[in-house]
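In what follows, a structure is listed as structure tokens, so that the remarks can point back to it.
The values are calculated or read from the model by the stated rules, or taken from the named source; none is laboratory data. The structure displayed is predicted, hence computed values, not measured ones. Ideal geometry is used to build each Cβ from the backbone, glycine not excepted, and the neighbour counts take in all protein chains shown. When the accessible area is computed, the model is the full protein with side chains, heavy atoms only, and any ligands, DNA or RNA have been set aside. Shrake-Rupley method; radii C 1.70, N 1.55, O 1.52, S 1.80 Å.
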Amino acid sequence: MSIMFESVGIEKMEIKNRFVHAATHEVMTADDGQVTEAIVKRYKNIAKGEVGLIIPGHMYVHPLGNAHHAQMGIHRDGMIPGLKQLADTIHENGGKVAFQLAHGGRQIPKTMIGTAPLAPSGQGLDPVSMNKPQQMTEEMIEETIDAFASAAGRATEAGADAVEIHAAHGYLINEFLSPFFNRRKDKWGGSDENRFRFLGEIASRIKERLPEGKPVLVKMNANDFTPFNKGITPELAATYAGWLNESGVGAVEISCGTYYSFHTMRGDIPVPELAAGLPMWMRPVAKIKMSLQKKGNSFIHAYNLDAAKTIRPSTGDMKMILVGGMRKLSQMEDIVSQGHADLVSMSRPLVREPFLVRRFKEKKSTEASCINCNKCLAAMFNEMPVKCYEKGLPGFK
């Protein structure tokens, strides 16, 4: 039997195999962030497709953390019934589920929340939203930490097997961790220890809200790929991973990239489709910028693997989940058998083939058929539900 179909435990959560569905924004909720039947159906299929651990799309923990149109919310108790239906459906079809808790930070368009987005520091315009963020006060920081903890309590009440803290992709926690974004000189910035404090406090307060043995996972960048000044690097991520292990985090998922780069979506950059999701006045400059980045964005298999090898010695008792460019079953087997990661995580392959893992298990496939066109991501920016758009988005030839 392939090592990918051996079970693995993260604290008291037992996962039947080594496959994880990486959190993927569905663009399928009701206007108020409530779970819909479309979301439940999507994850029912992925669970039936034999994915061991399913992490649905990132859920905002506070109204000012709502990053996208039709994003799931976990910011108030009224969301619990829908979230419970989602968790129950995944369990009924053989999967485990972790809810990913998130705050969009400076990458949130002002139009989403009606005010300047929050950030550790107030410098600069965001390259996508073109909004200038507001620096968070001590009171705002404490309120946000409490919002993460309260959201974790709701996740438990809804039946989630674990929670994952979203500390990657340029969102708020990533911004606190990154010396590129965080220019503070108080206890929340100025040194690696201080920049880590925000995530450390969130993890600590979440653990206080969860039953013993229910794991906390963290999704974290190994590389920010920010211009001009360094953000998070694999070496800094290794330091953070060591501190996460000491704080009792159960697993860390290694990713990369922010809105300053397209490294979260290796492969083609569908320029016309992505630009169409922006305000008209931003499109000409965006098209030029994206076209220039195409050459350096070609698809690479397992593109976070080298960084993971740097981080792995610091993980201690934590499990390592590796995401990014996972396409070939044989490569996944090598990564796990050689100890570079304990589980592998996929997003776009499961958008195209929700039953891919079952096909691997039944020896009907050895490689994902995703062609890395990234039109599924472009659909998100055009407020279209996530699915494979290989043949083109509606309205585009």
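Computed on the Cα trace of the stretch 1-150, the radius of gyration divided by the Kirkwood hydrodynamic radius gives Rg/Rh = 1.04.
The distance between label points at D146 and K294 comes to 5.0 nm (points 7 Å beyond Cα on the Cα→Cβ vector).
Distance between the C-alpha centres of the stretch 348-391 and the stretch 1-52: 14 Å, rounded to the whole angstrom.
Report, for the chain, the % of DSSP beta bridges that are antiparallel, rounded to 5. Numbers along the way, then the final one.
Details: 4 of 38 bridges.
Antiparallel bridges: around 10 percent, rounded to the nearest 5.
Show me the ranking of peptides 380-390, 318-328, 99-109 by mean Cβ neighbours inside 10 Å, starting with the highest.
Details: 380-390: 17.5, 318-328: 23.1, 99-109: 26.5.
Result, highest mean Cβ count within 10 Å first: 99-109, 318-328, 380-390.
Evaluating 6.51 cos²θ - 1.76 cosθ + 1.60 at θ = phi - 60° for every residue in the stretch 33-50, the Karplus couplings come out as x, 6, 4, 10, 4, 5, 5, 4, 5, 4, 7, 4, 5, 5, 5, 5, x, 6 Hz, glycine and proline recorded as x. The packing ranking of peptides 170-183, 192-205, highest mean first, is 170-183, 192-205, where packing means the average number of other beta carbon atoms within 10 angstrom of each residue.
Stretching the chain fully between T310 and E37 yields a gain of 94.1 nm (0.36 nm per residue, less the alpha carbon separation). A straight line joining the Cα centroids of the stretch 122-150 and the stretch 255-313 runs 24 Å. Highest GNM mean-square fluctuation among P215, P63, P117, for the chain modelled with Cα contacts below 10 Å: P63.
Can you give the charge dipole size of the chain about its Cα centre, rounded to the nearest 20 debye, using +1 on the beta carbon of Lys and Arg and -1 on the beta carbon of Asp and Glu?
On the way: 48 positive and 43 negative charges, 292 e Å.
Roughly 1400 debye, rounded to the nearest 20.
N131 sits among other residues whose Cβ lies under 11 Å from its own Cβ, and their net charge, with Lys and Arg +1 and Asp and Glu -1, is +2.
Enter the accessible area per residue of the stretch 28-135 (Å², integer; probe 1.4 Å; all protein chains in place).
Values: 3580 Å² over 108 residues.
Solvent-accessible surface per residue comes out at 33 Å².
Taking max minus min of the alpha-carbon positions on each principal axis, the stretch 128-279 gives extents of 48, 36, 30 Å, largest first. Inter-part distance, the stretch 191-214 to the stretch 68-120, computed on C-alpha centroids, equals 19 Å. With a cut-off of 9 Å between beta carbons, the residues surrounding E390 carry a summed charge of +3, where Lys and Arg count +1 and Asp and Glu -1.
Residue by residue, the stretch 357-371 carries 3J(HN,Hα) couplings of 5, 4, 5, 4, 4, 8, 6, 9, 7, 10, 8, 5, 8, 4, 9 Hz when phi is fed to the Karplus relation 6.51 cos²θ - 1.76 cosθ + 1.60 (θ = phi - 60°); x denotes Gly or Pro. Taking amide H positions as modeled 1.01 Å from N, with prolines and chain starts lacking one, the residues under 5 Å from N223 and 5 or more places away or on another chain are G257. Counted by Cβ distance under 12 Å from S337, the other residues give a net charge of -3, where Lys and Arg count +1 and Asp and Glu count -1.
Between L356, L278, L83, the GNM of the chain built on Cα springs shorter than 10 angstrom shows L278 fluctuating the most. With the helix formula -39500 (n - 2.57) applied to DSSP H stretches of n ≥ 4, the chain reaches a computed 222 nm mean residue ellipticity of -10000 deg cm²/dmol. Checked against a 28 Å cut-off, the cross-linked pairs K287/K319; K110/K219; K12/K309; K185/K295 give Cα-Cα distances beyond that limit for K287/K319; K185/K295. Per residue, the stretch 183-299 exposes 44 Å² of accessible surface when a 1.4 Å probe is rolled over the protein heavy atoms with every protein chain present.
Surface composition of the stretch 116-253: carbon and sulfur atoms hold 48% of the protein heavy-atom accessible area at a 1.4 Å probe. With the convex hull drawn around the C-alpha atoms of the chain, the volume per residue stands at 125 Å³.
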